[in-house]
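A.B. asks: Before I ask anything, let me first share the structure, which is written out below as structure tokens.
The values are calculated or read from the model by the stated rules, or taken from the named source; none is laboratory data. No experiment lies behind these values; they were computed from the predicted model shown. Cβ atoms come from the backbone with ideal geometry, glycine included; neighbour counts cover every protein chain shown. Remember, those area values only see protein heavy atoms, side chains included, never the ligands or the DNA or RNA. Shrake-Rupley method; radii C 1.70, N 1.55, O 1.52, S 1.80 Å.
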Amino acid sequence: MTGAGSVPDVFDPRLYGQSIPHDRYRLLRDHHPVAWQEEPEVLGWPAGPGFWAVTRHADVVRVLKDSVTYSSYLGATQIRDPDPADLPFIRRMMLNQDPPHHRRLRTLVSRAFTPRRIDRFAGVVRERARTLLAGAVAEARSGDGTCDLVARVTDDYALLNLADLLGVPDTDRALLLHWTQRVIGYQDPDEAGTPTPGPDGKPLNPRSPSALRDMFDYAHALAAHKRRHPADDVMTALATDPELAAPELEMFFFLLVVAGNDTVRSAAPGGLSLLAQHPEAYGRLCRGEAGFASAIDELLRRHPPVLTFRRTAVQDTVLAGTRIRTGDKVVVFHASANHDERVFPDPFTLDLPRTPNPHVSFGDGPHVCLGAHFARLQLQALYEETCRALPPGHLQLAAPPGRLVSNFINGVKSLRVRAVGA
């Protein structure tokens with residue numbers, strides 16, 4: 001683990017329930033930038049064939065941009081291999097396609113996900129941040145001076161903002177969080193419990209058709225409602241698009257509900273945790289000495305919402321001097337790339353005005369995050385309102401953040417802060 005010749009494990013999802021293994025990442029970047037990783041059985045999930053871990057920034061960007069060599073379609077984008085019977089279904093999702101088919105789907109959803117439609121929600125988003133933070137401060141004031149910002153603010157904030165954008169009725173919004181937790185938190189016993197066995201006795205993949213049937217049934221019911229009662233929301237735009245087939249509508253709904261919710265649901269508490277741990281930087285932000293736009297990028301660099309994405313080699317190739325064979329799994333590590341000293345001077349310093357800041361927290365290449373604009377809008381409103389609700393000197397961690405057991409999502413399950421002066 002400590003020598004240059006040793007290759008540390010960065011696969012085990014239980015590592016990430018404690019912290020991001022930055023010491024292991026650095027060893028890999030310095031000595032094994034493309035390193036073979038075993039996939040042992042973990043937490044009831046079966047062993048896999050292994051994969052190449054890509055940890056340097058330049059190599060991560062190369063893999064993400066080169067869809068000709070590194071495919072999202074062949075084996076999809078999760079480290080674990082899907083059940084072969086599920087693979088055709090999983091490949092319907094835009095995330096798991098390559099150009100040119102990916103380009104067609106991205107164009108279709110871009111019509112619904114326009115900046116104009118997103119910007120229309122700016123006032124609602126800000127008021128929601130203000131209201132949720134006021135409730136959290138009131139809870140702290142009436143209790144022991146602490147509150148959990150995940151439970152009181154960020155989970156509801158991400159969920160309700162997405163529901164507004166999609167056009168999900170108030171009565172159904174809890175479903176979005178339920179589906180997100182089921183799909184994203186499947187490696188975490190606190191979130192998912194014991195894995196549900198499928199007909200073959202193996203754990204049922206939460207992304208399999210049978211596991212998602214209730215979500216898809218809801219998507220079709222909501223689409224039918226939007227055709228009868230159109231509104232200015234994303235689901236109306238998707239439901240009334242004549243070029244979008246029914247299976248594509250299902251997968252778009254899945255992608256938007258899970259990725260659209262969990263990006264901000266992970267990034268927001270991660271950013272707040274960093275600001276609480278760096279009071280000088282937080283003070284500069286609140287006093288206007290650092291711009292919110294650059295601060296958001298720096299907080300995303302330090303706490304990317306997504307930890308890994310997988311590609312599959314289409315052909316024999318060489319990456320950072322390592323020979324990769326056709327069919328090998330190649331997994332990029334975002335948090336490692338974002339802390340690569342070759343690109344980011346003093347990478348563990350929270351430098352809110354850092355520029356340039358070419359982090360890969362929203363990906364790169366053809367799959368760069370479609371919802372990045374909406375995510376930035378939400379994060380800026382939340383951080384601005386946090387400065388008002390908890391000015392410098394009034395935001396402190398009361399306990400270490402509770403982290404999600406996952407090698408995919410950089411999740412924060414709890415963030416108990418002491419609202420000083422509350």
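A.B. asks: With θ set to phi - 60° and the Karplus curve 6.51 cos²θ - 1.76 cosθ + 1.60, what are the ³J(HN,Hα) couplings of the stretch 63-78 in order, to the nearest whole Hz, using x for Gly and Pro?
C.D. replies: My calculation for the stretch 63-78 gives 5, 5, 7, 9, 6, 6, 8, 10, 8, 7, 7, 4, x, 6, 10, 9 Hz in order.
A.B. asks: Where the accessible area of the stretch 108-247 is counted over protein heavy atoms with a 1.4 Å probe, how much of it, in %, is carbon and sulfur?
C.D. replies: Details: 3490 of 6230 Å².
The computed percentage sits at 56.
A.B. asks: Which distance in nm do the two modelled labels at T355 and Q277 give, with both placed 7 Å along the Cα-to-Cβ direction?
C.D. replies: So the two model labels end up 2.7 nm from each other.
A.B. asks: Would you work out what percent of the accessible area of the stretch 312-409, with all protein chains in place, is carbon or sulfur (probe 1.4 Å)? Could you put the intermediate results ahead of the total?
C.D. replies: Working: 1960 of 3670 Å².
Answer for the stretch 312-409: carbon and sulfur cover 53 percent of the accessible area.
A.B. asks: Given the options G75, G260, G44, state which has the largest fluctuation in a GNM of the chain using a 10 Å cut-off (strictly under) for Cα springs.
C.D. replies: G44
A.B. asks: How large is the charge dipole for the chain, taken about the Cα centre, if only the Cβ atoms of Lys, Arg (+1) and Asp, Glu (-1) carry charge, to the nearest 20 debye? Let's see the in-between values first.
C.D. replies: Numbers: 48 positive and 49 negative charges, 143 e Å.
I would put it at about 680 debye.
A.B. asks: For the chain, what does the accessible surface come to per residue with a 1.4 Å probe? Please give it in Å². Could the numbers behind the result be given before it?
C.D. replies: Numbers: 16720 Å² over 422 residues.
Per-residue value: 40 Å².
A.B. asks: Under 5 Å between amide hydrogens, which residues at least 5 positions from G48 or on another chain qualify, with H placed 1.01 Å from N in the peptide plane?
C.D. replies: Amide H neighbours of G48: E39.
A.B. asks: Between A372 and E41, what is 0.36 nm times their sequence separation minus the Cα-Cα distance? Round to one decimal in nm.
C.D. replies: Details: separation 331, 0.36 × 331 = 119.16 nm, distance 3.43 nm.
115.7 nm is the gain from fully extending A372 to E41.
A.B. asks: Cysteines of the chain lacking any other cysteine beta carbon under 4.7 Å?
C.D. replies: C147, C369 - these cysteines have no disulfide-compatible partner (Cβ-Cβ under 4.7 Å) in the chain.
A.B. asks: Want the number for R14 to D214: 0.36 nm per residue separation, take away the alpha-carbon distance, what's left?
C.D. replies: Details: separation 200, 0.36 × 200 = 72.00 nm, distance 2.91 nm.
Full-extension gain reported as 69.1 nm.
A.B. asks: Sorting check: for 130-139, 239-248, which peptide has the highest mean count of neighbouring beta carbons within 10 Å, and how do the rest follow? Show your work: numbers first, answer last.
C.D. replies: Working: 130-139: 17.8, 239-248: 13.9.
The peptides rank, most packed first, as 130-139, 239-248.
A.B. asks: How much of the accessible area of the stretch 1-78, probe 1.4 Å, is carbon plus sulfur, in whole percent? It would help to have the intermediate numbers written out before the result.
C.D. replies: On the way: 1710 of 3280 Å².
In the stretch 1-78, the share of accessible area belonging to carbon and sulfur is 52 percent.
A.B. asks: For the stretch 62-149, what relative contact order do you get, as a whole percent, if you take Cα pairs closer than 8 Å and at least 6 residues apart?
C.D. replies: Working: 42 pairs, mean separation 14.8, N = 88.
Relative contact order, the stretch 62-149: 17 percent.
A.B. asks: Just want to confirm a number: the relative contact order over the chain, from Cα pairs under 8 angstrom separated by 6+ residues, in percent. Intermediate results must be reported in sequence, preceding the final value.
C.D. replies: Values: 696 pairs, mean separation 113.7, N = 422.
Worked out over the chain, it gives 27 percent.
A.B. asks: Using a cut-off of 15 Å between beta-carbons, work out the net charge of the residues near A246 (Lys and Arg +1, Asp and Glu -1, A246 not included). Walk me through the numbers before you get to the answer.
C.D. replies: Details: positive: R92, R213, K226, R227; negative: D217, D241, E243, E248, E250.
Surrounding charge for A246 is -1.
A.B. asks: Projected onto the charge dipole of the chain (+1 at Lys/Arg Cβ, -1 at Asp/Glu Cβ, origin at the Cα centre), which of G327, V306, T355 gives the Cα projection farthest towards the positive end?
C.D. replies: Among G327, V306, T355, the one farthest towards the positive end of the dipole of the chain is T355.
A.B. asks: Counting Lys and Arg as +1 and Asp and Glu as -1, each charge on the Cβ, what is the dipole of the stretch 1-153 about the Cα centre in debye, to the nearest 20?
C.D. replies: Working: 22 positive and 18 negative charges, 253 e Å.
Charge dipole, the stretch 1-153, about its Cα centre: 1220 debye, nearest 20.
A.B. asks: Return a whole-number percent for the relative contact order of the stretch 92-242, with Cα pairs under 8 Å and 6 or more residues apart as the contact set.
C.D. replies: On the way: 92 pairs, mean separation 32.8, N = 151.
In percent, rounded to a whole number, it is 22.
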